[in-house]
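Taking it in order: structure first as C-alpha cells, then the write-up.
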Amino acid sequence: MQDATDITRLAVRARGITKSFGEVIALDGVDLDVAPGRIHGVVGPNGAGKTTLLGLLLGLAVADSGSLEILGVPVRRALAGPDGVAGFVDGPGLYPALTARRNLAALAALRGSDAYAASIDEILSEVGLTDVADDRVRGFSLGMRQRLGLAAALLTKPRLLVLDEPVNGLDPAGKNHVHRVLGRLAEDGSAVVISSHRMDDVEALCSEVTIVGRGRVAFSGPVDKLRTESGEIAYRLVTTDPSAAREVAVTTPGVHLADGASLGPRASSDALVVRAAVAALDELVVQLVHAGVAVRELAPVISPLEAAFLALTEQPEDDR
Amino acid sequence: MTAAIAGRATSDRRVPVSRGYRFEVVKLLSLWRLRLLIIAAWVVPAGLVIEVSRGSSLPADTLFGRWMHTTGWAGSLVVLGFAGTYALPLLTSLVAGDVFSAEDRLGTWRHLLVAIRSPRRIFAAKALASLTVIVLLIAGLTCSSTAAVLSVGNRPLLGLNGQVLAPSDAAAKVLLAWLCALAPTLALAAIGLLGSVTLGRSSMGLLLPALAGLAMDGAQILPLPVAVRVALPSYGFVAWRGLFTSPVQLGPLLVAIAVSLVWAVVATGLAYWLFLRRDFTSISTDGLVRKTLTVGVLPLAALFALTAGVLAVSAPATKGSGIDQSKLQHSVTTGFAYLYVLQAQQLHRPSITVPQLRASTSCDKGGGLVAASGPGNGWRCTVTWHIPGVSNAVGQAIYQLDVTPDGRYIADGDGPVQVNGYFLVRTPTGDAANPLWQFDGTVDLLATKG
C-alpha cells in the first residue's frame, strides 16, 4: 500500500547544490529533479561537474550548500543516503581476483540478503554475462566490466540507479543489452540517472536531460523540449535533383543553405546542408514535393541534443 | 514530473562489521600470493626443521640451533628466531600493508563506500580481516614448526641456563614464545595499516612494515642503550628468550609486549584517524609526503622517544648497554653448573646436584684493559667449582664469550679439554658434542644486577 506522500515524491530533488574542491567550484547552484520511472541523462563537457553531481547522488560526498533529497529522504552528510540507491562513478568497482559470480555473491553477502544471492544468475543473464560467469574478472574487457558493474548495481534492486558512462567500451550488442536493462528498470518504476559523452545514447535512452557546463545547469527538462528550443540546426538533405532542391531551399523562408564541408567525410555532390528550425524544415519538405523533387534523405548533421549541447556549453570567445 | 514510488521501505541501513569482515576475508583469500603464503606457512617450517635436523651440520650460531639434532622443540624456536627477523615483517607487509592500498590500485573505494556506507565499518572490517590472515599465518608457522617434533623427537630441551626442560615444559614455553611474538607482529601490522592508508597506491605502503621491521631489527644488533632498544617493538622478537632462562626473565618480556601493544594501538589509531578524514571524491596525492611525515612518522617517533625516556627514568640500568660483568658471571655460572650436571649424567659419572658444585665465575673483558661491560667478543670467563667427593679439590674451566648487544652470548670452551673441550658423548639419541664445550646464554638487560 502506498503512502500518500509517495505520490508526489521525486527520486531526486536537488536545489541550489554547490560543491567546491579547494578553489575549484565543481557545482554552482545546481537544481535537479528526477522522477521515478524515468531515465535522466546528465551531459556536459569534461570537468563540467557531472561526476561530482553523480557522486553526491550516490552519497560519496555532501554538498557545501543547497538541499538534496534522495527517494524523499533529505541527505545532509556523506554516505547517509537512504537504502535503494546503487550505481558507480568513474567505472565499476570490481575485484579482478574473483569471478564474475563471486563478485556478485560477495556483494550479495555484504548486503545480507538471500534474495540478492538467488537472483545472481538471472542478473548475469540479463546483462549477457552467463557464459563468463565463472571466469575471473581479471581477463574481462572494458565492456564486460561495464556490464558486470551494472549487474552489481542491479543486484540490490535499486529505486535510484546512478551510472557514470554506463555504455563506455561496449560493443553494439552490449549497448543494446544495457539499453534494454535500463529501460526495463525504468518501466518497473525505478529512476535512472546516467552520464554520457555519447549524445546518441542519451537521446536513445533518456526522456529527460540535464546539460551541465562549468558547474551550472544550462538546460534541464525533456529531450523533446530541448529539440524545440534548440532553434536552427543543420540537416543533410539528399534529393533526386540537387540543383532544383537548392533553388527551393533558397526561396523557402527560414531555411538557409550551409557549407557542405560541414558534412566532413559524408559530403557528396548530391547532398545539401540546410539550416532551419523544425517548422521551416517542414515547409521545405512541402515545397520540395510541390516542385516534384523526391527526398531521399533528411537527417540532422549532428543530433539536436548534440547541437543544443554545443550551443549551451560553448564558451564565449573572450573566456577562451 | 511526479510519479508514485513503489512502497518499498526507505531506511538508512549500514552493513554490519561482521559482513564487511567476511567480504574482506573473501577478497584477501582470493589472492594467489596470500594463498601461497598461507600454504607455505603451514608446510615449509616443518620440512625445514626436519631437513636441518637430519643434516650433518646444524645452525650453531642460531639460538637453540645446536640442539636441533636432539629435540624437535629446538627447531620451532630456530624458526621463531628467523620469523622475527625476516618472515613476520614480510608477511605483515603483504597483508596489512596492502589491505587499503589494494582498493586504491583497483579503483574500488567508491564501490565499497556505496556498498557499506560507513568508513568506520570499512576500517574495522579491513583491520580485522588482515589481523585474521596474519594470525592464520603465525598459527601456521607455529603448528608447522612444532609438528616437526613428531619427526625429530619429543625430547627435553636445554634452556638458556643449561637447565633441562621436560618435553611438556618445553612445549608450553615454545607455544608461549610464539604467542609473545604476536605482540610485535601486531605492531608491524598496525604500521602496515598506517602505511597502506597514508600512501595509497604507492608501493612504499606495501614495503613499510618490512622496512620498519628490518630497521628496528637492525637497531637490536647495534650497541645502543637498552632504553632505545626496548622502546622498539622489535625487542619483542628477542624478549621471548627470557622464557627459557632460569629464573624466567619476565620483566623484559612484559615490557616488550606492552611496548608492542602500545605501538599497535597508536599506529592503528593514526591509521583510523587518517582514514576517516580521507576525501574519496579526490584521487589527488598532493601533499602525500608531508602528510605521511606529519601524521604517520612524527607521532610514532614521538612515541618512541617518550617510551625510551620513560624507560631511562624508571629503570636507570637501561641508560647503558645492560650488559655488565656481574650479570655475565651469574649467567655463566648458572649455565655451567646445569650443564656440568648434564655432562656427568651423559658420562655416567656419580650423580651430582647444582648446589653441590658451588660454582662461581670471574669474567673480564679485553684482558682487563677495557671496562668490563657492554657487548663484544673480548669477554673471558673462568669458572671455578668444587669437585664433588674430593675434599678441597677445585676445578677451573675457561670460556671465551661473544656477547651481542641484545644480551645473548655464546660461551666457547677454552679448556681444559677433558672438561669443556670438544669431544663426543654417547646420549640416548646418539653421539653429541660435549654439552660444556659451547653453550648459549642470555642476560637480563633490564636487571640492575646479576
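Data table
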quantity	calculated
Residue in the stretch B:350-365 that is modelled with the lowest pLDDT, counting only those that are of a type outside the set (G, A, S) and in contact with a helix residue (DSSP H, G or I) (Cβ under 6 Å, 6 or more places away or on another chain)	B:I352
Matching residues, the stretch B:85-104, being surrounded by fewer than 24 Cβ atoms within 10 Å (Cβ to Cβ) and over 14 Å from B:K27 (Cα atoms)	B:T85, B:Y86, B:A87, B:L90, B:D104
Test: residue in the stretch A:119-135 that is part of a helix (DSSP H, G or I), out of contact with any helix residue (DSSP H, G or I) (no Cβ under 8 Å at 6 or more places or on another chain) and within 14 Å of chain B (Cβ to nearest Cβ)	no
Pairs, first without any contact (Cβ under 8 Å) to a residue 40 or more places away in the chain in the stretch B:151-168, second buried (at least 23 other Cβ atoms within 10 Å of the Cβ) and not in a loop (DSSP other than H, G, I, E, B), C-beta under 9 Å, six or more apart	B:A166/B:L157
Single residue of the stretch B:397-408 satisfying the filter (more than 13 Å from B:C363 (Cα to Cα) and not polar (S, T, N, Q)) that is surrounded by the most Cβ atoms within 10 Å (Cβ to Cβ)	B:G407
Hey, A:A97 surrounded by fewer than 23 Cβ atoms within 10 Å (Cβ to Cβ), in contact with a strand residue (DSSP E or B) (Cβ under 8 Å, 6 or more places away or on another chain) and of a type in the set (A, V, I, L, M) or not	yes
Among (1) over 20 Å from B:L150 (Cα atoms); (2) modelled with pLDDT of 90 or more; (3) among the charged types (D, E, K, R); (4) surrounded by fewer than 16 Cβ atoms within 10 Å (Cβ to Cβ), the one test that B:R13 misses	(2)
Options A:R147, A:R159, A:R138; residue that is surrounded by fewer than 20 Cβ atoms within 10 Å (Cβ to Cβ) and basic (K, R)	A:R138
Close pairs (8 angstrom Cβ cut-off, 6 or more residues apart or separate chains): under 14 Å from A:S243 (Cα atoms) in the stretch A:286-298, modelled with pLDDT under 90 and assigned to a helix (DSSP H, G or I) anywhere	none
Residue count, the stretch B:349-404 (criterion: β-branched (V, I, T) and either in contact (Cβ under 8 Å) with a residue 60 or more places away in the chain or part of a strand (DSSP E or B) (or both))	8
Qualifying positions in the stretch B:91-132 - more than 10 Å from chain A (Cβ to nearest Cβ) and polar (S, T, N, Q)	B:T92, B:S93, B:S101, B:S130, B:T132
Some residue of the stretch B:54-65 being assigned to a helix (DSSP H, G or I), at pLDDT 90 or above, among the charged types (D, E, K, R) and surrounded by fewer than 17 Cβ atoms within 10 Å (Cβ to Cβ)	no
In the stretch A:66-76, residue farthest from A:T52 (Cα to Cα) [restricted to those that are more than 7 Å from every other protein chain (Cβ to nearest Cβ) and not small (G, A, S)]	A:P74
Any chance B:G20 is under 30 Å from A:E69 (Cβ atoms), in contact (Cβ under 8 Å) with a residue 60 or more places away in the chain and buried (at least 19 other Cβ atoms within 10 Å of the Cβ)	yes
Counted residues, the stretch B:422-450 - those being under 20 Å from B:S331 (Cα atoms) and either in a loop (DSSP other than H, G, I, E, B) or touching a Leu at 6+ places or on another chain (Cβ under 9 Å) (or both)	16
Qualifying position, being without any contact (Cβ under 8 Å) to a residue 40 or more places away in the chain and not in a helix (DSSP H, G or I), among A:V192, A:V167	A:V167
Residue within the stretch B:1-9 that is modelled with pLDDT under 85, crowded, with 18+ Cβ neighbours inside 10 Å, more than 26 Å from the chain's Cα centre (by Cα) and farther than 22 Å from B:W178 by Cβ present	yes
Elements of type strands (runs of 3 or more DSSP E) contained in the stretch A:1-94, each with 3 or more residues being under 24 Å from A:G143 (Cα atoms) and modelled with pLDDT of 90 or more	A:39-43, A:85-88
Residue that is nearest to B:A170 (Cα to Cα), among those in the stretch B:212-255 that are without any contact (Cβ under 8 Å) to a residue 24 or more places away in the chain and out of contact with any Gly (no Cβ under 8 Å at 6 or more places or on another chain)	B:P247
Residue match in the stretch B:310-333 (condition: over 27 Å from the mean Cα position of the chain (by Cα), part of a loop (DSSP other than H, G, I, E, B) and at pLDDT below 90)	no
Any hit, the stretch A:77-85, residues being without any contact (Cβ under 8 Å) to a residue 24 or more places away in the chain, more than 10 Å from chain B (Cβ to nearest Cβ) and at negative phi	yes
Residues satisfying the stated conditions in the stretch B:121-176, i.e. assigned to a loop (DSSP other than H, G, I, E, B), touching a helix residue (DSSP H, G or I) at 6+ places or on another chain (Cβ under 8 Å) and of a type outside the set (D, E, K, R)	B:A148, B:G153, B:N154, B:P156, B:G159, B:L160, B:N161, B:G162, B:Q163
Members of the stretch A:102-115 found to be surrounded by fewer than 20 Cβ atoms within 10 Å (Cβ to Cβ) and away from chain B (no Cβ under 11 Å), listed by number	A:D114, A:A115
Selection status of B:G368, modelled with pLDDT of 90 or more and surrounded by fewer than 20 Cβ atoms within 10 Å (Cβ to Cβ)	no
Subset of the stretch B:354-391 (residues that are closer than 29 Å to B:V341 by Cβ and of a type in the set (A, V, I, L, M, F, W, C))	B:V354, B:L357, B:A359, B:C363, B:A372, B:W379, B:C381, B:V383, B:W385, B:I387, B:V390
Segments classed as helices (runs of 4 or more DSSP H), wholly inside the stretch B:199-248, with at least 1 members that are hydrophobic (A, V, I, L, M, F, W, C), more than 12 Å from the chain's Cα centre (by Cα) and more than 19 Å from B:D402 (Cα to Cα)	B:203-220, B:226-230
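Per-residue answers, yes or no, for (1) without any contact (Cβ under 8 Å) to a residue 40 or more places away in the chain; (2) within 30 Å of B:S202 (Cα to Cα):
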site	(1), (2)
B:P59	yes, no
B:T62	yes, no
B:T70	no, no
B:S76	no, no
B:D98	no, yes
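The values are calculated or read from the model by the stated rules, or taken from the named source; none is laboratory data. What you see is a predicted model; the values in this text were computed from it and never measured. All Cβ positions, even for glycine, are placed from backbone atoms using ideal geometry, and neighbour counts span all protein chains on display.
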